[in-house]
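To keep things clear, I will list the structure first and then write my remarks on it.
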Amino acid sequence: MKVYLDNNATTKLCKEAFEAMVPYLTEYYGNSHSMHRFGQETGKALREARETIANLLKIEADELIFTASGTEANNIGIRGVVRAFERRGKHIIVSEIEHPSVRNTAKDLEKLGYEVTFLKVDKNGLVDLEQLKKSIRKDTVLISVMHANNEVGTIQPLKEIGQIAKGHRILFHVDAVQTVGKLKFSPKDYNIDLMSFSAHKFYGPKGVGALYIKKGTRMAKFITGGGQEKGLRPGTSNVAAIVGMAKALEVAFKNIKEEYKKEKELRDYFEEKIIEKIPEIVINSKEVDRLPGTSSVTFKYLEGESILLSLDFKGIAVSSGSACSSEDLHASHVLLGMGIEEEFAHGTIRFSIGRYNTKEEIDYVINELPPIIERLRMMSPLWNEFKNN
Amino acid sequence: MKVYLDNNATTKLCKEAFEAMVPYLTEYYGNSHSMHRFGQETGKALREARETIANLLKIEADELIFTASGTEANNIGIRGVVRAFERRGKHIIVSEIEHPSVRNTAKDLEKLGYEVTFLKVDKNGLVDLEQLKKSIRKDTVLISVMHANNEVGTIQPLKEIGQIAKGHRILFHVDAVQTVGKLKFSPKDYNIDLMSFSAHKFYGPKGVGALYIKKGTRMAKFITGGGQEKGLRPGTSNVAAIVGMAKALEVAFKNIKEEYKKEKELRDYFEEKIIEKIPEIVINSKEVDRLPGTSSVTFKYLEGESILLSLDFKGIAVSSGSACSSEDLHASHVLLGMGIEEEFAHGTIRFSIGRYNTKEEIDYVINELPPIIERLRMMSPLWNEFKNN
Amino acid sequence: MQYSEKVMDHFMNPRNVGVIENPDGYGKIGNASCGDMMEIFLRIEDDIIKDVKFRTFGCASAIATSSISTEMILGKKVSEALEVTNKAVAEALDGLPPQKMHCSVLAEDAIKAAIEDYLKKKNN
Ligand SMILES: Cc1ncc(COP(=O)(O)O)c(C=O)c1O
Ligand SMILES: Cc1ncc(COP(=O)(O)O)c(C=O)c1O
Ligand code: FES
Ligand code: FES
């Protein structure tokens, strides 16, 4: 059996989106900014896709620019406003557990002469609103906090953060890559000025994302070129992918509540069973509002890569917070930021359930997982030390 | 009849590339950087695509990073090196007729404290090598000159420029968006350090480009995030598009010489005929080495948008150098840079022939064009003034 | 990143996992917070390694290098075992991904530590 439980990394393109894309990969290929009919055909598709997404998110079409990814949306959004607001101040606030596309952008801004406050999170990954308030300075121009964390699923109190930002007339950027298409909300609900999202997280194509920019927000250009996307994201428009994104979001919104419920039930069932069957594990962020399909499990005294590969051998795809499976050999900054000891961060596995997972698949994982953990623990000197004490 | 003569703007995705992409839009969707099998399937495809392109361009796979567009490749390349070499100097040289993705990047660098020399071109759009040599300073770190111009097709003397750059130990960036897949060459032929290209110009998909970075070239990060593409172009890899790009380039190289010959014959035939049939026109850059399918024609005493739309009415798609059909209402800086008077720049139309055009289509255009020009000129006070003198 | 078949084999079916009661040589190397730790148990007669067992906490590469290195020293003289390098271990596995080479040092160091322990005991 093949069981894909890495839906927070990327999802399978849904059939509806694929079918919507095909005409723009075959028949209609004109540059959507050209005046001729070939361009008008794709120009119309581009306009309609923008309107579809805007309607679903209850924003105006004019407030949306398409990008090539969530990463690019984060870069354009954050770098665009800090440069535009340079004269007002050079201090920004970001949470400690942001995705690398925000975190490394903030770190790069430090090198470029900006000051960054990294907001601490508690053991469930929630930012501390009191620390946020205390961190605000006269020269603070931007607060950037992700909606839901990709590793543990923790959902941040955006409403409260948005109110704080608004009260201080500070811009508020949200990396909503993990929530758009999974939770039903509008950036208008939370006083968000800029919001990034990415199609491949909600069964749309890879290579396309978007940035919501609240009307009237001053932006400097980050990437420069022609006039596409208000000059903020130049380059020939990738109409096929944009059409696919709009269709995928439409499909996601159609059953958004049922889907939420289904994923949560599967996830809760999974957690209940493995807690029953496997000793010495911790479910991270279990006490707080989380993404419905995300389960971050720490298997104490084990290293994640070995769990990941053993599961893969059984056809089960997951991801790990271990340093050993990361490119830079550092343990996940998210888990460490939540105060999880390094030793345990290594043994943390993310199971992320998505639309196409079934109860049968989850049962399969529930059966395969315990012997894998047992086998690896038998080999682990740490486990044996623990057992002997 | 529908005749697409806007192949320099974008091309139709070839069937081979589309078919190569489909499995990665349906069956194989794992994140190519994940360790599990779903990721290994796409990881392998990514590796193979990189190798295919590297082989065709006679470079190493390791010297290629994938981007989302030619625009992005230009930004990452130029901004990456100028930042990395900031300490050595802050002067760069770019030609006067670059694509906006290079030109506006250079202009933005001026705002950021760099100095830019814009190299003049002659009436055929060729850069002046003597001026280039004179422009070089102790603190010059980069020369950026496009391979072929998108509006008029002029091919620059890259060999000579590359030698000059090398002689002064200055980095050499080339925007080869209009030539990769059309001309057979390797960046190694011209001492190029950085070279940008884009799949949708050679019958590959939109939304994917690449940057060649010669081994050992120091680069700063422009866009920040995860570790993909050596950390220089982070974001979940768009494997389907990358696979399509590789296939498209493979197909393009298969018949590259025949294709060149065919396009050139059609283009020369077209020009011969319209010169015969239409008075007071100028074929731009006719005297120099040009892209085989590009024909830039100035119809004196006319405005381009009206020609473009009249042609479109007959199903013929072209583009115009007129201010009236540009977003910023400026006439083409390329044509102006070549010394073409503003009045005539307005009346300039680009016909760009591509792989799928036939002689029959060209004959159709040759027939439809003269009455259109005549009709519009009848209406033009400039034309009537000219006639009466 | 991809492992060779041999790495996967030694990872999925590691040889000589376990403990030896009252070993003649015992070594423990590594640090849990770095994500790797290995312990190795030796039974030695007449300077020949008669039995070897290990336990490892770490990635697939750490476990596979532990496994194969125990095979490589079993039946060898102590002096020969000391000559097993991490490079030889990696080669025996048909190579390791570059970022995983460091894991192979773990096995080499653990063997050295166990043999040192043995030599110390012997000399006392
Ligand atoms: C010479 C040149 N450079 C760069 C680009 C930008 O390429 P892309 O549309 O892929 O960003 C184009 C085409 O639009 C071009 O013709
Ligand atoms: C929270 C979050 N932000 C940003 C990204 C980056 O998105 P993309 O891969 O589209 O660049 C991801 C996913 O990788 C994510 O989970
Ligand atoms: S034990 Fe961490 S990388 Fe091998
Ligand atoms: S005449 Fe209307 S825009 Fe130029």
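One table, with the values for the structure above:
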item	result
Cβ-Cβ FRET estimate between residue B:133 and residue B:189, R0 fixed at 25 Å, reported to 0.05	0.75
Convex hull of the range A:111-198 built on C-alpha atoms - directionally averaged projected area, nm²	6.3
Residue B:215-residue A:112 pseudo-label distance in nm [points 7 Å out on the Cα-to-Cβ vector]	3.3
Rg to Rh quotient for the range A:287-340, alpha carbon positions, Kirkwood Rh	0.98
Computed label-point distance, nm, for sites residue A:280 and residue B:166 using a 7 Å Cα→Cβ extension	6.2
Between the range B:122-190 and the range A:48-78, the alpha-carbon center distance in angstrom	37
For A:72-82, mean number of other protein chain Cβ atoms within 10 Å	2
Label geometry 7 Å along the beta-carbon vector: residue B:330 inter-copy distances in nm	4.1
Surface accessible to a 1.4 Å probe, residue A:99 within the full protein complex, Å²	60
Residue A:67 long-range amide H proximity, modeled H, under 5 Å	A:209, A:210, A:211
With Cα atoms, 0 to 90° folded angle of helix A:359-379 axis to chain A main axis	50
For C:17-27, mean number of other protein chain Cβ atoms within 10 Å	1
R0 of 51 Å, Cβ-Cβ distance residue B:289-residue A:358: FRET efficiency to nearest 0.05	0.25
The range A:55-203: radius of gyration over Cα atoms, expressed as a fraction of 2.2 N^0.38 Å	0.96
At 0.890 mPa s and 25 °C, Stokes D of chain A from Kirkwood alpha-carbon radius, µm² per second	112
Distances in nm from residue B:277 to the matching label points in the other copies, shortest first (labels 7 Å along Cα to Cβ)	7.6
Nearest-first distances (nm) between copies at residue B:358, label 7 Å from Cα via Cβ	4.9
Cut-off 13 Å between beta-carbons: net charge of the residues surrounding residue B:208, Lys and Arg +1, Asp and Glu -1	+4
Average other protein chain Cβ within 10 Å of Cβ, residues A:237-247	3
Per residue Cα convex hull volume in Å³ - calculated over the range B:32-109	135
Debye intensity ratio I(q)/I(0), log10, the range B:166-230, q values 0.14 Å⁻¹ (C-alpha model)	-0.50
Cross-link pairs beyond the 26 Å C-alpha cut-off, checked among B:107/B:188; B:90/B:159; B:159/B:201; B:120/B:230	B:107/B:188; B:120/B:230
Furthest towards positive pole of dipole, A:186, A:351, A:34, structure part chain A, Cβ charges	A:34
Residues with amide H under 5 Å from that of residue A:294, placed H, sequence gap 5 or more	A:353
Per residue Cα convex hull volume in Å³ - calculated over the range A:78-162	87
Of A:166/A:215; A:44/A:166; B:221/B:247, those spanning more than 25 Å from alpha-carbon to alpha-carbon	A:44/A:166; B:221/B:247
Segment residue C:119-residue C:94, extension gain: residue separation times 0.36 nm, minus the distance between their alpha carbons	5.8 nm
Per-residue HN-Hα couplings for the range A:331-341 [Karplus 6.51, -1.76, 1.60; θ = phi - 60°; Hz; x = Gly/Pro]	5, 3, 5, 5, 5, 5, x, 7, x, 6, 4
The range A:1-96, relative contact order [Cα under 8 Å, separation at least 6], %	10
Tail fraction, Cα-Cα pairs, the range B:264-380, threshold 18 Å, whole percent	47
Charge dipole (debye, nearest 20) of the range A:1-136; +1 at Cβ of Lys and Arg, -1 at Cβ of Asp and Glu	340
Directionally averaged shadow of the range A:8-142, computed from the convex hull of its alpha-carbon atoms, nm²	11.7
Ellipsoid equivalent to the range C:74-124 - semi-axes via the Cα gyration tensor, in Å	25, 12, 6
Ranked by how many other beta carbons lie within 10 Å on average, peptides B:240-253, A:258-271, C:39-52, B:340-353 from highest	B:240-253, B:340-353, C:39-52, A:258-271
Cysteines having no other Cys beta carbon under 4.7 Å from their own, within chain C	C:34, C:103
Cα long-axis angle, helix A:256-277 against chain A (0 to 90 degrees, to the nearest 10)	20
Lysine pairs in the range A:261-375 with Cα atoms under 16 Å, if 8 or more residues apart or on separate chains	8
Largest-first principal axis extents, alpha carbons of the range A:134-267, Å	46, 40, 24
Summed side-chain charge close to residue A:268 - residues other than residue A:268 whose Cβ falls under 13 Å, Lys, Arg +1, Asp, Glu -1	+3
Convex hull projection area averaged over all views, the range A:198-356, Cα basis, nm²	12.8
Along principal axes, Cα extents of the range A:76-124, largest first, whole Å	37, 18, 17
Once the Cα gyration tensor of chain C is diagonalised, semi-axes √(5λ) in Å	24, 14, 12
Debye equation applied to the C-alpha atoms of the range C:1-67, log10 I(q)/I(0) at 0.27 Å⁻¹	-1.11
Counted charge near residue C:10, where neighbours are those whose Cβ lies closer than 11 Å (Asp, Glu -1; Lys, Arg +1)	-2
Under the span-like rule (Cα at least 24 Å along the axis, Kyte-Doolittle mean at least 0.5), DSSP H helices of chain C	none
The protein assembly as shown - Kirkwood radius from inverse mean 1/r over Cα pairs (Å)	29.7
Contact order relative to length of the range B:215-320, as percent, for alpha carbon pairs under 8 angstrom and 6 or more apart	14
Distance between modelled label sites at residue A:258 and residue C:83, nm, 7 Å Cα→Cβ extension	7.1
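The values are calculated or read from the model by the stated rules, or taken from the named source; none is laboratory data. Predicted model, so just to flag it, every value in this text is computed and none were measured. Counting neighbours? That spans all protein chains shown, and the Cβs are built from the backbone with ideal geometry, glycine included. The protein model used for the area step is the full one, side chains on, heavy atoms only, and it has no ligands, DNA or RNA in it. Shrake-Rupley method; radii C 1.70, N 1.55, O 1.52, S 1.80 Å.
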